[in-house]
Amino acid sequence: MDKVNGKLTVFFEEPFWVGIFERIEDGKLSVAKVTFGAEPKDYEVQEYIQKCYFSLKFSSVVETVVKDIKRNPKRMQREAKKQMLEIGIGTKSQQALKLQQEQNKQERKEKRRKKKVLAIMLVAMSIMLISACGKKEKLYEIPDLSQYKTDYVGDSSNVINIVSGQEYPAGYSYDSIEIQSETEPYGLTVFLKDEPSAAKLEDELQVNADMTFDLIGNLGTIDYKIADSKEIIASYER
């Protein structure tokens, strides 16, 4: 059986605490990045590992060198303290993470392409049905948000029009935004109002995130939060 080495590094990457899982198997390194939000407690990290580790989406592998060195307990304690003072991850892990980001980017592009094709087909079908019926029907059009397209997340006027003009899942509606345009990756936080009957969301906001990325050129990250509690609903990266 191949030996598998694992490591989790938790650190603050503005504006959230994140975790980088590193997995080395048969001399090949792959990584997975997760967002915790607020600084997680030790027991919360342990619970996350137990419940979610096997469902993590790891990156493509990169070659790495694994040194099998026997360490005494005191040396291991010293190295653990040293790692606690360090921030970030190694070069190989950064390469693997970059591969994962590029892979996710391509997957999102493919999803957006399929959604656009489906939207065109649905519009064509609607036109055919209205023509066939021969009746006077009122056609409701989706607002054309492309008129607000901008290259900069700091263009607050157009950004507000983009996010406030979108349809959100049932029970949720636009409230306000917060822009982070000082350092890259430039970020946007969208605060949503939730009704008492609103169901808990999983990945339903992916469509909204994709649309927002398409319309704001230099936007790197999007976070959706509940307006009152500031609880994170979902986070997305370009």
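Bear in mind that the values in this text are calculations on the coordinates, not laboratory data. Source: prediction; values computed, not measured. Reconstructed Cβ throughout: ideal geometry from the backbone, glycine too, with neighbour counts over all protein chains shown.
Which entries in the list K111/K149; K111/K200; K98/K200; K51/K98; K33/K111; K7/K200 go over 29 Å, if you measure between the two C-alpha atoms of each? Don't skip to the answer; put the middle values down first.
Working: K111/K149 20 Å; K111/K200 23 Å; K98/K200 31 Å; K51/K98 26 Å; K33/K111 21 Å; K7/K200 31 Å.
Result: K98/K200; K7/K200 exceed 29 Å.
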Inset, instruction - Would you calculate the separation in nanometres between label points at K7 and K149, each defined as 7 Å from the Cα along the Cα-to-beta-carbon direction? - result: 4.3 nm
Legend entry - Using θ = phi - 60° and Karplus 6.51 cos²θ - 1.76 cosθ + 1.60, couplings along region 147-162 (whole Hz; Gly, Pro as x): 5, 9, 4, 9, 8, 10, 5, x, 7, 4, 4, 5, 4, 4, 4, 5
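Kirkwood Rh, Cα Rg: Rg to Rh for region 151-214? Could you put the intermediate results ahead of the total?
Working: Rg = 12.4 Å, Rh = 12.7 Å.
Value, to two decimals: 0.98.
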